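The values are calculated or read from the model by the stated rules, or taken from the named source; none is laboratory data. Note that the structure is predicted; figures quoted are calculated from it, not measured. Cβ atoms come from the backbone with ideal geometry, glycine included; neighbour counts cover every protein chain shown.
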Amino acid sequence: MGNLVRSLSAAIVAALVLAAPGLAAEKAAAAEKPAGHRISIQVDQNDPDVMNLALNNAKNVFEYYDGKGETISIEIVAYGPGLHMLRTDTSPVKDRIKEMAAQFSSRIKFDACNNTKQGMEKREGKPVPIIPEATIVPSGVVQLMELQEQGWSYVRP
């Protein structure tokens, strides 16, 4: 009976030792994940209805989590024909973006795809002006991919 107790004790100790690194890794991963919710919203169509839907989605998400006392960060990524959303000269929603950027300040970000911007400039033969609320990122698709890899939720209206 003594050998059985020693064998069981050794097995338990071995199991705990083997489980410890996994538990430590889980705790480290949880510590690295920032608090709050994070969502990326894709806009790839030159359609005022889609642009307004993306902004409505963002506003609704802010209101929902603000009402619960929880934090939320939103990143709207525009590329392809959707870049018109963030162009000074063609955006049908630039006034709404300005209002939302003021209201939600650091919690909302608007990303303009530089690949698309350069393509438009080449086709149009002139610089493409981007609204001041937007940040130019190298690639809209890559930006969305990297946000998802970092644990951001993704929506395409």
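A few remarks follow.
- Selection status of N46, more than 22 Å from N114 (Cβ to Cβ) and in the same structural domain as G140 (by TED's automatic domain parsing): no
- Qualifying positions in segment 37-77 - without any contact (Cβ under 8 Å) to a residue 60 or more places away in the chain, of a type in the set (A, V, I, L, M) and not in a helix (DSSP H, G or I): I72, I74, I76
- With respect to the conditions (1) within 14 Å of R156 (Cα to Cα); (2) crowded, with 19+ Cβ neighbours inside 10 Å; (3) of a type outside the set (S, T, Y); (4) touching a residue at least 40 places away in the same chain (Cβ under 8 Å), R87 falls short on a single one, namely (1).
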